[in-house]
Amino acid sequence: QVQLVESGGGLVQAGGSLRLSCAASGIIFRFNDMGWYRQAPGKQRELVAHITSGGSTGYADSVKGRFTISSGSAKNTVHLQMNSLKPEDTAVYYCNALLRGDQYWGQGTQVTVSS
């Protein structure tokens, strides 16, 4: 059974930084794509950033220049470095992975940015 486990969420003041990590278990193949979504209360889940197995990245306009996604040294791991955090970045952040049309989700980690 494939599992994605996130870590690194927490409470930070505006302007601060956090680093999220996601590691997969229960799979021997490399994911085609891994990324991060977030969902704030009362809002739809939205894509924050993603990275392909080839290293191409994509970001939501709202986080460009502040967030950086990277693959970890271990297979099927991904990190999200979040700098210059704003209160509007407050949300539950979910790790996401794609493999041949199948989609997997982590349980989510809370990020709270105080003003």
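For the residues I69, I27, the requirement of being of a type outside the set (S, T, N, Q), surrounded by 13 or more Cβ atoms within 10 Å (Cβ to Cβ), free of Cβ contacts under 8 Å to residues at least 40 places away in the same chain and more than 13 Å from V111 (Cα to Cα) singles out I69. If you go through the range 93-113 and keep only what is open to solvent by 40 Å² or more (accessible area, probe 1.4 Å) and either in contact with a helix residue (DSSP H, G or I) (Cβ under 7 Å, 6 or more places away or on another chain) or more than 22 Å from N32 (Cβ to Cβ) (or both), you end up with Q110, T112.
Just a yes or no: is a residue in the range 106-113 at positive phi and assigned to a loop (DSSP other than H, G, I, E, B)?
So in the range 106-113, the residues at positive phi come out as 108.
From the residues that got through so far, the ones that are assigned to a loop (DSSP other than H, G, I, E, B) too are 108.
Yes - at least one qualifying residue is present in the range 106-113.
Candidates in the range 72-92 are the residues that are open to solvent by less than 50 Å² (accessible area, probe 1.4 Å) and more than 14 Å from R19 (Cβ to Cβ); of these, the one that is nearest to the chain's Cα centre (by Cα) is V92.
The requirement of being open to solvent by less than 60 Å² (accessible area, probe 1.4 Å) and among the polar types (S, T, N, Q) is not satisfied by N32.
The values are calculated or read from the model by the stated rules, or taken from the named source; none is laboratory data. Note that the structure is a prediction, hence the values are computed from the model and not measured. Heads up, the Cβs are rebuilt from the backbone with ideal geometry, glycines too, and the neighbour counts pull from every protein chain shown. These accessible areas exclude ligands, DNA and RNA; they are computed on the full protein's heavy atoms, side chains included. Shrake-Rupley method; radii C 1.70, N 1.55, O 1.52, S 1.80 Å.
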